[in-house]
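Step one of this worksheet: look at the structure below.
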Amino acid sequence: MASFLNPNVQLDRFDETNFTRWKGKLFFLLTVLKIAYVLDPNLQPLLEPDKDKDTDTLQAERKKRSEDEVMCRGHILNTLSDSLYDLYNTMKSPKEIWNALEYKYKAEKEGADKFLILKYFEFTMVDTKPILDQIHELQILVTKLRELKVEISESFQVGAIITKLIGAVQFNKL
């Protein structure tokens, strides 16, 4: 899916299965567009309009922030699946949408992460898929484990691959 500001930028549509990837790619786009700052939890709100105290600079800053929030909200909603769009469209603030999505899907991801070590150890090689594809799957598991601060040495990984290959060969001979 192309960004509506830049058709050359391709974004994954968030379909509830790829939160971390979607979040990273979208945040990069918002950063390039210089509007990601509106999602900063430490962003100070601007003062309410006051005709007596408003300077041209403050008015311009307020206008820019408002426009950036609209653009950010639009980009977030534009990259959601239709069902998620319908659910989050009622929220007016991009920060509110971002935080709600992060709260929901980060909790789900943390639950799934607890089973990564089990998935790594139970991973089996099969002869119906190319070996390099299976090794790639195993490397993805290792990368996800590293994100969780679970370090697996290269020698251990090599040993695990060899053991899994030997297990697949022995299984097929029986």
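Quick note: the coordinates plus some simple rules give every number you see, no bench work behind them. On a predicted model such as this, the values are computed, not experimentally measured, just so you know. Glycine also receives a Cβ, built like all others from the backbone with ideal geometry; neighbour counts cover every protein chain displayed.
Observations, loosely collected:
- Cα long-axis angle, helix 154-173 against the chain (0 to 90 degrees, to the nearest 10): 50 degrees
- Calculated from the alpha-carbon coordinates, region 19-112 shows an Rg and a Dmax of 15.3, 55 Å respectively.
- Using alpha-carbon coordinates, inclination of helix 56-78 to the longest axis of the chain, degrees: 40 degrees
- Burial ranking of peptide ranges 132-141, 19-28 (average Cβ count within 10 Å, highest at the top): 19-28, 132-141
- In this structure, the amide hydrogen of residue 80, modeled 1.01 Å from its nitrogen in the peptide plane, lies closer than 5 angstrom to those of 14, counting only residues at least 5 positions away or on a different chain.
- Ordering 76, 156, 97 by the projection of their Cα atoms onto the charge dipole of the chain, which places +1 on the Cβ of Lys and Arg and -1 on the Cβ of Asp and Glu, puts 156 at the extreme positive end.
- Pairs of Cα atoms nearer than 8 Å and 6+ residues apart set the relative contact order; for the chain it is 18 percent.
- Helix 19-32 vs. the chain, principal-axis angle (Cα, 0 to 90°, nearest 10): 40 degrees
- Derived value for the chain: Kirkwood hydrodynamic radius 19.8 Å. Basis is the mean of 1/r over every pair of different alpha-carbon atoms.
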